[in-house]
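Have a look at the structure below before the remarks.
The values are calculated or read from the model by the stated rules, or taken from the named source; none is laboratory data. Not measured: the values here are computed from a predicted model. Please note: Cβ atoms are built from the backbone with ideal geometry, for glycine as well, and neighbour counts cover all protein chains shown. Keep in mind that these areas ignore ligands, DNA and RNA; they rest on the heavy atoms of the full protein, side chains included. Shrake-Rupley method; radii C 1.70, N 1.55, O 1.52, S 1.80 Å.
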Amino acid sequence: MTRALFIVDLQNDFTERGALGVAGGDEVALRVSQFLSQHAEDYAMIVASRDWHDPDNDNGGHFSATPDFVDTWPPHCVAGTYGAEYDELFDTSAVTHHLKKGQGLPAYSLFEGHADDGATAAQLLDAHGIIDIDVAGIATDYCVRASALDALAAGRRVRVLTDLIAGVHPDSSARALDEIQRAGAELVLSQR
Ligand code: VGL
């Protein structure tokens, strides 16, 4: 078994009522939990990432009081706060590796994260001989996009589970899925 599951930024601030809540986020959290209850055994590793920004600076221009919701954002996922915790509807019991990213800078890709022992996704994938990666989470047009493209760039076979993602904007989410597909990923439903 050489398949990993990436669960990108399924955090309170990215789901309904969060600082940067996307439509359908709660539904994704519920569906991911259901999916894991049935399919966790299909994966050699289940890697979850969290945006984990500094409280006392703008994180490299990532936070703004007048955000454009493209390159700048309202403060979100500040380390140690409720908004940075995994969504309450996301059952993390099957997660094998937890990565944090964005400490003091914008970090859209799960590949920019580190486990508490310092390990990166690239190191974990190599150590476990992972060839295939399935990607789920939030947001389709930002962190899911960046993580899927980086996984392809790392030479892996990638599938995006299109019923287990939610995006910030519908149009940029559609463009992101098109871009990911053209880069070589498959778009599939988790329930086949
Ligand atoms: C994200 C916007 C800002 C994401 C993170 O997780 O996709 N989006 N920071």
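Can you give the % of DSSP beta bridges in the chain that are antiparallel, to the nearest 5? The partial results should precede the final answer.
Numbers: 3 of 30 bridges.
The answer is about 10 percent antiparallel.
By its C-alpha gyration tensor, with a ≥ b ≥ c as the square roots of the eigenvalues, how is region 134-184 shaped: rounded for a/c under 1.5, else prolate for a/b larger than b/c, else oblate?
On the way: a/c = 1.90, a/b = 1.52, b/c = 1.25.
Because a/c hits 1.5 or more and a/b exceeds b/c, region 134-184 counts as prolate.
In region 1-84, what trypsin sites (Lys or Arg not before Pro) fall in a loop by DSSP, with at most 10 other Cβ atoms inside 10 Å? Mind dumping the intermediate values first?
On the way: sites: R3, R17, R31, R50; in loops: R17.
Listed in order of number, the matching sites are R17.
Working from the alpha-carbon coordinates of region 42-97, get Rg over Rh, Rh being the Kirkwood radius.
Value, to two decimals: 1.09.
Probe of 1.4 angstrom, ligands and nucleic acids ignored: what's the accessible area per residue over the chain, in square angstrom?
Values: 8380 Å² over 192 residues.
Per residue, the chain has an accessible area of 44 Å².
In whole Å, largest first, what are the principal axis extents of the Cα atoms in region 3-188?
42, 37, 30
Report the Cα centroid-to-centroid distance between region 68-106 and region 3-56 in angstrom, as an integer.
Here the two parts' Cα centres lie 9 Å apart.
At F69 and Q123, where each label point lies 7 Å from the Cα along Cα→Cβ, what is the point-to-point distance in nanometres?
Computed distance between label sites F69 and Q123 equals 3.8 nm.
Enumerate the residues in region 169-192 having an amide nitrogen under 18 Å from the point lying 7 Å beyond the Cα of A23 toward its Cβ.
Only 169-177 pass the distance filter.
At a 1.4 Å probe radius, carbon and sulfur cover how many percent of the accessible area of region 3-188?
Numbers: 3930 of 7800 Å².
Using a 1.4 Å probe with all protein chains present, region 3-188 comes out at 50 percent carbon and sulfur.
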